[in-house]
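Down below is the structure, laid out as structure tokens.
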Amino acid sequence: MVRATQEHTFIWERPEWPNFSWDAERLAARLDGARRAQSELLGVVKALGEKVTEAASDAMAREVVNNSAIEGVTLDVEAVRASMLLRLGVETNLAKVTTGDLKRVDPVVGVLAEAVERWKDPLTVERIFGWHRALFPKGVPDGGTTLPSGEFRGDLPMVVATPSHRPGEPDTIHYEAPGRDVLEHELDAFLDWFNQPPPRHTLNGLLRAGLAHLWFITVHPMLDGNGRLARTITDLALSQDERLPRRFYSLSVQIMKNKAAYYDALEHAQRGSLDVDDWLEWFLSQVETAAREGFREIGRVLARGYFWAEVEKLRVPERQWKVLHSVLSPMSPEMSISNRRYRAITGISRATSKRDLAELAEKGLVVPFGEARAASYLVNLDPFLPDAFRMEE
């Protein structure tokens with residue numbers, strides 16, 4: 001193949017490729033932390049059974065939204081959540097979501113759902129192409145043209161670069177993928193490794209998920225969408241490790257929070273040797289944090305259920321209920337209510353908003369914080385949080 005640049009040597013060019021290596025002793029503490037967080041979460045999932053279905057739908061909705069957001073693609077958050085709830089058979093209020101909204105996000109939601117629901121099935125080229133067509137239903141934009149989705153990239157070099165903002169300066173090249181002439185061979189090698197059944201595959205499941213992520217994104221088989229596909233394959237690998245058809249924590253949320261570190265870790269790994277300690281250490285740290293957040297979110301799901309039972313018991317007026325429902329949505333960015341936010345939701349006057357918030361505080365449903373003009377109220381879930389989850393807060 002003809003390289004677009006000779007500036008760097010990438011891991012797929014090394015003679016030992018793709019024989020990754022790592023220091024098990026160095027990774028032991030990080031792996032143990034990730035495993036403990038994962039085990040605590042899955043223990044709660046097993047104990048609560050169907051009570052945590054809503055937690056799964058919320059975690060998977062966040063995964064879909066953030067997997068796209070990492071690549072700068074914005075999805076309708078409430079439509080994604082509604083689509084996931086419907087897919088998992090959970091009753092939902094679709095008042096704010098139109099049929100058109102659902103049609104736009106259903107295929108993207110279906111990518112993650114299909115990946116984890118069919119965790120027992122082998123990963124194939126056809127399956128990856130199907131996910132790609134769902135992510136790009138109108139084709140893949142390429143300059144002024146649109147190319148078919150669900151196909152391998154073409155013959156031009158696949159270079160990941162940051163364009164220069166100064167005239168005359170070259171672009172910053174982060175990575176160049178294997179050429180088209182070896183692409184299918186490289187992907188076949190990855191799929192053969194990924195689909196190895198036990199006892200051939202004795203690798204720890206979390207390490208396997210981290211290696212799968214790095215390996216697939218290094219092969220970079222598509223013109224666009226490789227990152228989203230790599231993260232979907234990672235979710236598939238994690239579901240295979242946990243032997244569950246649902247996800248209860250979102251790795252993409254963590255990656256989105258640490259996007260610069262994510263790209264740095266990938267670039268470092270793809271330019272280095274086949275020793276991937278740094279990448280696996282970073283990956284395991286994100287799994288641990290994501291699993292601990294998943295554990296906390298299950299507690300919040302249960303607390304929200306008890307909270308709404310109390311709201312019904314207190315016969316909260318419809319206007320106040322509407323505000324609480326908006327703020328307590330699992331996809332809401334924050335659980336605080338300012339006077340301004342209350343008025344924006346309800347359209348009422350400042351004085352009436354102030355009185356409503358005071359009433360909610362008297363009922364113990366919100367607690368005030370801040371002072372004067374900056375005063376706001378936080379939805380008070382603390383009394384409703386089960387004791388088992390308080391230790392983690």
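Considering only 30, 104, 343, the Gaussian network model of the chain with Cα springs below 10 Å gives its largest mean-square fluctuation to 343.
Comparing 79, 47, 237 in a Gaussian network model of the chain (Cα springs below 10 Å), the most mobile by mean-square fluctuation is 47. Applying 1/(1 + (r/R0)^6) with r as the Cβ-Cβ distance of residue 9 and residue 117 and R0 = 35 angstrom yields a FRET efficiency of 0.30. Most simply put, the chain has about 95% antiparallel DSSP beta bridges, counting only bridges with both residues inside it. In this Cβ point-charge picture (+1 for Lys and Arg, -1 for Asp and Glu), the chain has a dipole of about 1820 debye about its Cα centre. Positive-end ranking of 205, 321, 119 along the dipole of the chain, with charges on Cβ about the Cα centre, is headed by 321. Hydrodynamic analysis of segment 265-342 uses the Kirkwood radius over alpha carbon pairs. Inserted into Stokes-Einstein at 37 °C and 0.692 mPa s, it gives a translational diffusion coefficient of 204 µm²/s.
Bridging of residue 354 to aspartates and glutamates at a Cα separation below 13 Å is possible for 362, once same-chain residues fewer than 8 apart are set aside. Applying 1/(1 + (r/R0)^6) with R0 = 25 Å to the Cβ-Cβ distance of residue 138 and residue 319 gives a FRET efficiency near 0.05. Cross-link pairs exceeding 22 Å between alpha carbons, from the set 103/138; 313/363; 120/259; 46/322; 46/313: 120/259; 46/322; 46/313. For the pair segment 13-42 / segment 219-242, the C-alpha centres are spaced 18 Å from each other. For the pair residue 277 and residue 355 in one chain, pulling the backbone fully straight at 0.36 nm per residue adds 22.4 nm over the alpha carbon distance. With each label modelled as a point 7 angstrom along the Cα→C-beta vector, the residue 36-residue 196 pair spans 3.0 nm. When the charge dipole of segment 11-299 is built from unit charges on Cβ atoms (+1 for Lys and Arg, -1 for Asp and Glu) and taken about the Cα centre, the candidate among 232, 274, 263 whose Cα reaches farthest toward its positive end is 232. Measuring spread by the Cα atoms of the chain yields a radius of gyration and Dmax of 23.5, 73 Å.
Dimensions of segment 316-386 based on its C-alpha atoms, expressed as ranges along the principal axes with the largest first, amount to 36, 24, 23 Å.
In a fully extended conformation the segment linking residue 268 and residue 363 would gain 28.8 nm over its present Cα-Cα distance, using 0.36 nm per residue. Orientation-averaged projection of segment 61-157 equals 7.7 nm² [convex hull of Cα atoms, one quarter of hull surface area]. Rounded to the nearest 500, the 222 nm mean residue ellipticity of the chain from helices alone is -18500 deg cm²/dmol, with -39,500 (n - 2.57) taken per DSSP H run of at least 4 residues.
GNM remark for the chain: springs join alpha carbons under 10 Å apart, and the peak mean-square fluctuation among 242, 169, 362 falls on 169. Fully extending the segment from residue 378 to residue 145 would add 79.0 nm, taking 0.36 nm per residue of separation and subtracting the current Cα-Cα distance.
When you restrict to C-alpha pairs under 8 Å that are six or more residues apart and normalise by the size of the chain, the relative contact order lands at 22 percent.
What FRET efficiency do you get for residue 388 and residue 310 if R0 is 25 Å and r is their Cβ-Cβ distance, rounded to the nearest 0.05?
The pair residue 388/residue 310 has a calculated efficiency of 0.80.
Given +1 at the Cβ of Lys and Arg, -1 at the Cβ of Asp and Glu and no other charges, the dipole of segment 316-386 around its Cα centre is 360 debye to the nearest 20. Once you sort the root eigenvalues of the Cα gyration tensor of segment 9-83 as a ≥ b ≥ c, which label holds: rounded (a/c under 1.5), prolate (a/b larger than b/c) or oblate (the other case)? Cα axes put segment 9-83 in the oblate bin.
For 131, 119, what's the fewest-to-most ordering of other Cβ within 10 Å of each Cβ?
Ranking 131, 119 by Cβ neighbours within 10 Å, fewest first, gives 119, 131.
Toward the positive end of the charge dipole of segment 279-393, with +1 on the Cβ of Lys and Arg and -1 on the Cβ of Asp and Glu, the farthest Cα among 351, 379, 311 is that of 351.
A short reminder: the numbers here are calculations on the coordinates, not readings from a lab. Keep in mind it's a predicted model, so treat the numbers as computed, not measured. Cβ coordinates were reconstructed from backbone atoms using ideal geometry, including for glycine residues, and neighbour counts include every protein chain displayed.
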